[in-house]
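Here's the structure we're looking at; comments come further down.
The values are calculated or read from the model by the stated rules, or taken from the named source; none is laboratory data. Bear in mind the structure is a predicted one, so any value in this text is a computation, not a measurement. Every residue, glycine among them, receives a Cβ derived from its backbone with ideal geometry; neighbour counts consider all protein chains shown.
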Amino acid sequence: MSLLGRFSNIGKVPELRKRIAFTLLVIAVYRVGAFITTPGVDREAMRSAVSQQGGLLNIFNLFSGGALSNLSVFALGIMPYITASIIMQLMGMVSKQVEELKKEGEAGRRKLEQYTRYGAVGLSIVQSLMMATTFEGMNSQGGGGAGNIVLDPGWPFRLMTVITMTTGSALIMWLGEQATEQGIGNGTSMIIFAGIVASVPNGLVSYYQSVGGSLQPLTVALVLAVLLASVAVVVFFEQAQRQIPIQYARRQVGRRIYGGQTAHLPLKVNMASMIPPIFASSLLAFPATLASFNVPGMAQFGSIINRGDWVFNLFFGALIIFFCFFYTAVTFQPLDVADNLKKQQANIPGIRPGKQTAEYIDRVLTRLTVGGSVYVAAICIIPAVVARAFNVPFQFGGTSLMIVVGVALETVNQVEAHVITRSYEGVTGPQTTRLSGRRQLT
């Protein structure tokens, strides 16, 4: 069956149609909110300031789908929730209470989700207050040549900004959770995906206007070649796995013999997914936040990073590699996997159960993370360097490309699962059982 014919199978599954329609509705609500400006802000001055500042402001504006350039009620986006989720995962390493909740199954998971929501609201309050203070400070600098961003500075404006932005962030968080439960794909990822994709048309128009309508065929061909090569690299590495063979011991129950099968423990090359570049971007924005509170030296350091040149790329790449190792170590525990294998009477051929199995898995995982971290850093930096070299004004960053391709792959996998369970041929063909939706042995 042709690819078009396989896509037509999507319409034959009523539940899948409802889930896709609900996801599109959530995205529509999110996009409408991105254009509702926070009270007391000059939208045109804010847009001009973001375009002139460049660097990190453009990155966050990209993730928010233009909500930051409008300083809308959704300007914080989904970032507070992602940050709270990461903090909660880190808490599992130092807090016995959080660790015990993780082991309580569904009830513990719901409690942790509730704590994550509270943390996201708290972070939204702090970040919105810092954002209001930052843009008030830009008034004294003339908005970077763009004019006054805040029309009436003071505590009334700050309180209004905190209330509106915190409410907007909470609404986005709720929309993301609803999209995950009733839609298709991960709701949080879909919201980030929608924000990035929504900025592409404006970027293309800006590029066309910047060159005066005279496109250079060689430049366009080179940029498209880099884009296609980047997409191919992302697809390859996001699907790449190292499969460790697992052998189950035979055991006899009555007259029946169970076990003896061979399975595999799949370890992804990029275990941290898109979290490292997002978290690295957030950390690089911290000096600008400190500068708004007049911390000595932070304004100069922030201006150096915000230029988007080799200094920014150096810090950005180093932080990405660090967070790849750090996040993998937090989310994947070789000792727990080894204990689970031992309880299931399974072992890796040639490796003793227990401590040696954990050491072997940790060694393999470390080697994979070396390659994965270099891949993530390269794919997040090289396309942006090429775009900067050819003066492409919109964000042609590998970070956005990685997120878009990763979310697209995840969504296709979930569509595949719904179609196949209804006995229809999958979207990508009969070989769909090889997709990454299979269960992992933990």
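Taking (1) in contact with a Leu (Cβ under 8 Å, 6 or more places away or on another chain); (2) modelled with pLDDT of 85 or more in turn, Leu335 satisfies each apart from (1). Would you check which residues across segment 161-185 are hydroxyl-bearing (Ser, Thr, Tyr) and in contact (Cβ under 8 Å) with a residue 24 or more places away in the chain and list them? Of everything in segment 161-185, those that are hydroxyl-bearing (Ser, Thr, Tyr) and in contact (Cβ under 8 Å) with a residue 24 or more places away in the chain turn out to be Thr161, Thr164, Thr166, Thr167, Ser169. Are any of the residues in segment 176-195 within 26 Å of Ser303 (Cβ to Cβ), surrounded by fewer than 20 Cβ atoms within 10 Å (Cβ to Cβ) and charged (D, E, K, R)? No: segment 176-195 contains no residue that is within 26 Å of Ser303 (Cβ to Cβ), surrounded by fewer than 20 Cβ atoms within 10 Å (Cβ to Cβ) and charged (D, E, K, R). The set of residues from segment 155-170 being of a type in the set (A, V, I, L, M, F, W, C) and more than 17 Å from Glu113 (Cβ to Cβ) comprises Trp155, Phe157, Leu159, Met160, Val162, Ile163, Met165. Looking at segment 216-242, which of its residues are aromatic (Phe, Trp, Tyr) and either touching a strand residue (DSSP E or B) at 6+ places or on another chain (Cβ under 6 Å) or surrounded by 12 or more Cβ atoms within 10 Å (Cβ to Cβ) (or both)? Hit for segment 216-242 is Phe237, nothing else.
Residue-level analysis places Phe74 outside the set of residues that are aromatic (Phe, Trp, Tyr), at negative phi and modelled with pLDDT under 80. Annotation note: Cβ proximity below 8 Å between a residue of segment 354-378 that is under 16 Å from Ile246 (Cβ atoms) and a residue that is among the polar types (S, T, N, Q) and part of a helix (DSSP H, G or I) (sequence gap 6+ or interchain) occurs for Leu365/Thr328.
Only residues that are outside any helix (DSSP H, G or I) and without any contact (Cβ under 8 Å) to a residue 40 or more places away in the chain were counted in segment 22-35, giving 1. Within the option set Ala358, Ala387, Ala377, being assigned to a helix (DSSP H, G or I), at pLDDT below 75 and surrounded by 19 or more Cβ atoms within 10 Å (Cβ to Cβ) holds for one residue only, Ala387. Of the strands (runs of 3 or more DSSP E) lying entirely inside segment 166-285, those containing at least 2 residues that are modelled with pLDDT under 80 are 251-253, 256-258. Filtering segment 314-348 to residues that are crowded, with 18+ Cβ neighbours inside 10 Å and in contact (Cβ under 8 Å) with a residue 60 or more places away in the chain leaves Phe316, Gly317, Ile320, Tyr327, Phe332, Val337, Leu341, Ala346, Asn347, Ile348.
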